[in-house]
1. Would you tally the residues in the stretch 76-96 being open to solvent by 70 Å² or more (accessible area, probe 1.4 Å) and in a loop (DSSP other than H, G, I, E, B)?
2. Within the group N180, N185, which residue is open to solvent by 40 Å² or more (accessible area, probe 1.4 Å) and touching a residue at least 24 places away in the same chain (Cβ under 8 Å)?
3. Could you please let me know if P67 is within 21 Å of Q168 (Cβ to Cβ) and either among the basic types (K, R) or in contact with a helix residue (DSSP H, G or I) (Cβ under 6 Å, 6 or more places away or on another chain) (or both)?
4. Can you tell me how many residues within the stretch 50-75 are over 17 Å from the mean Cα position of the chain (by Cα), free of Cβ contacts under 8 Å to residues at least 60 places away in the same chain and not in a loop (DSSP other than H, G, I, E, B)?
5. Considering only the stretch 108-126, I want to know if a residue exists there that is in contact with a Lys or Arg (Cβ under 7 Å, 6 or more places away or on another chain) and open to solvent by 30 Å² or more (accessible area, probe 1.4 Å).
6. Report yes if S73 is within 29 Å of R53 (Cβ to Cβ), open to solvent by 30 Å² or more (accessible area, probe 1.4 Å) and out of contact with any Cys (no Cβ under 7 Å at 6 or more places or on another chain), otherwise no.
7. Which members of the stretch 146-182 meet the condition of being modelled with pLDDT of 90 or more and part of a loop (DSSP other than H, G, I, E, B)?
8. Counting only residues that are in contact with a helix residue (DSSP H, G or I) (Cβ under 6 Å, 6 or more places away or on another chain) and assigned to a loop (DSSP other than H, G, I, E, B), which one in the stretch 97-108 is modelled with the highest pLDDT?
Amino acid sequence: MSSFRLWWRMDKASDRTKGLFKNVTVAALWWLASGSAIAVAAPADVFMPHLDRIRQNLPPNVVMRLPSQIRLSYPADEEFIQTLAVRISTSDSPPRITVSLFSCEDDSPFCRIGTFSAVNTAIAQAQQDYQKHMAAAAPIQLARTIRGYLLMGTAKQPPSEFSSIMWQQDGMFYTVSLANSERQNMLYMAVYMANEAPFTNNTALRKAPLRSAP
């Protein structure tokens, strides 16, 4: 474990993106052991009771990742995080999965904490969403070969209180979305996801190689 190092970097960040984080240098979180091996952890504890159900409900040709940690601003401590409700939404047309966290038992938008989703890169609407993210800001390095793109929520029409980061990996577009006030933690969790082991509805893919979007 002593050989693990933590690296933070932002590549060619726009002034607007840099301004979001002020004194915190945001970018790639790399786990490196013995040179270049990536340390893979299990999904965060809040997902574990639902992991089999998530796998079983994955549409064909969809690969999913989940962050190894859930990070939320104070006073949302670990005890609060463990009380969050996990919702799973899937679609076969287009093939997509969304895992959502809610602070209450119903699906009220006022209780929504955040979402983690995956959709096949062949889907036209997903390609358009990705292009929109790419146009919004300079890339943020999530792993050694993976870059994500941040789309900030806006008060303009249509208004959005949620920001999102999107990236391409495993033949999927992954998206993490959290409230605007949680942008920093959203980026941390995107990094955790990009370095986590992907899984399908058949079997976990242990330490799969990371591949970047072109």
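1. 4
2. The unique qualifying residue is N180.
3. In short, yes.
4. 3
5. no
6. The answer is yes for S73.
7. D170, G171
8. S103
The values are calculated or read from the model by the stated rules, or taken from the named source; none is laboratory data. Remember, predicted model here, so these are calculated numbers, not experimental data. In this analysis, Cβ positions are derived from the backbone assuming ideal geometry, glycine residues included, and neighbour counts consider all displayed protein chains. Each accessible area value is taken on the protein alone, full model and side chains, heavy atoms only, with ligands, DNA and RNA left out. Shrake-Rupley method; radii C 1.70, N 1.55, O 1.52, S 1.80 Å.
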